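Take a look at the structure below.
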Amino acid sequence: MNLKDQPDLVRLAAAANPFQAHIWQQALERKGIRCQVLGDYLDAGIGDIPGITSEIWVEPADAERAEAFLREHQGGSDAQEDNANADGIVTVASAFSVRETVDRLASLVASQGFTVFARIDHAANAAHVGITLRPTELLILGNPEVGTALMQDQQTAGLDLPVKLLAWEDADAQVWVSYYTANWIAQRHDLGSESAASIQKLEAVLANVSKAATTS
């Protein structure tokens with residue numbers, strides 16, 4: 001669909017960046033809602049200036065359904081991503097100890113078709129050299145099908161793959177889980193629109209397992 005051929009399109013939403021706009025576009029089109037991304041440097045055919053806000057436009061007849069779907073879609077991984085800091089790190093509180101949190105994360109990751117490649121107990125390693133560190137464990141996980149697609153796009157993405165989930169205890173004995181958002185990885189390595197589906201899947205897995213593992 002070309003905007004020039006659809007002058008009556010209506011603006012649905014503004015994305016935080018062009019990559020997020022493409023993720024929304026793919027999600028909407030899977031629901032049969034045709035849409036157009038404007039202000040997009042991932043799609044050279046549109047010809048907009050890089051760096052301006054990316055917007056989703058839809059046909060008037062689909063506007064209400066698209067708005068409802070987008071609200072629901074943003075309530076999941078996108079809502080969690082909104083809590084990311086400037087460096088793309090999301091941190092969520094856990095109701096469990098570090099060890100139990102990581103146990104739960106590992107189990108949930110496996111149920112999503114991802115593999116746990118390593119589990120690193122930083123506190124135990126510190127103790128081996130006589131240094132005290134509050135409970136801190138790192139889970140390294142991935143899915144070769146998802147990760148390879150990102151590296152086929154930009155091989156430097158391998159610097160941030162496999163992805164990691166860090167469970168740690170603060171000075172007040174509160175346990176947290178932190179991770180880099182998949183969208184941050186996409187922006188950091190300038191991934192193209194062909195990576196959008198893999199990024200969306202990775203983002204959903206990170207958000208869903210961290211939420212499920214930290215709540216009772």
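Structure summary
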| quantity | calculated |
| --- | --- |
| Thr91 vs. criteria polar (S, T, N, Q) and outside any helix (DSSP H, G or I) | yes |
| Condition broken by Ile185, with the remaining ones in (1) modelled with pLDDT of 95 or more; (2) more than 15 Å from Ser210 (Cα to Cα); (3) buried (at least 16 other Cβ atoms within 10 Å of the Cβ); (4) among the β-branched types (Val, Ile, Thr) satisfied | (1) |
| Some residue of the range 155-171 being crowded, with 19+ Cβ neighbours inside 10 Å, of a type in the set (Asp, Glu) and modelled with pLDDT of 95 or more | yes |
| Any chance Arg99 is among the basic types (Lys, Arg) and more than 17 Å from the chain's Cα centre (by Cα) | yes |
| Residue under evaluation Gly113, criteria (1) more than 17 Å from Trp168 (Cβ to Cβ); (2) surrounded by fewer than 12 Cβ atoms within 10 Å (Cβ to Cβ); (3) in contact (Cβ under 8 Å) with a residue 40 or more places away in the chain, criterion not met | (3) |
| Residue within the range 192-206 that is assigned by TED's automatic domain parsing to the domain that holds Thr115, polar (S, T, N, Q) and not in a helix (DSSP H, G or I) present | no |
| Some residue of the range 202-216 being without any contact (Cβ under 8 Å) to a residue 24 or more places away in the chain and over 16 Å from the mean Cα position of the chain (by Cα) | no |
| Count of the range 6-24 residues which are at pLDDT 70 or above and either surrounded by fewer than 18 Cβ atoms within 10 Å (Cβ to Cβ) or outside any helix (DSSP H, G or I) (or both) | 8 |
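The values are calculated or read from the model by the stated rules, or taken from the named source; none is laboratory data. Just so it is clear, the structure is predicted and the values come from calculations on it, not from any experiment. Note: ideal-geometry Cβ built from the backbone for every residue, glycine included; neighbour counts use all protein chains shown.
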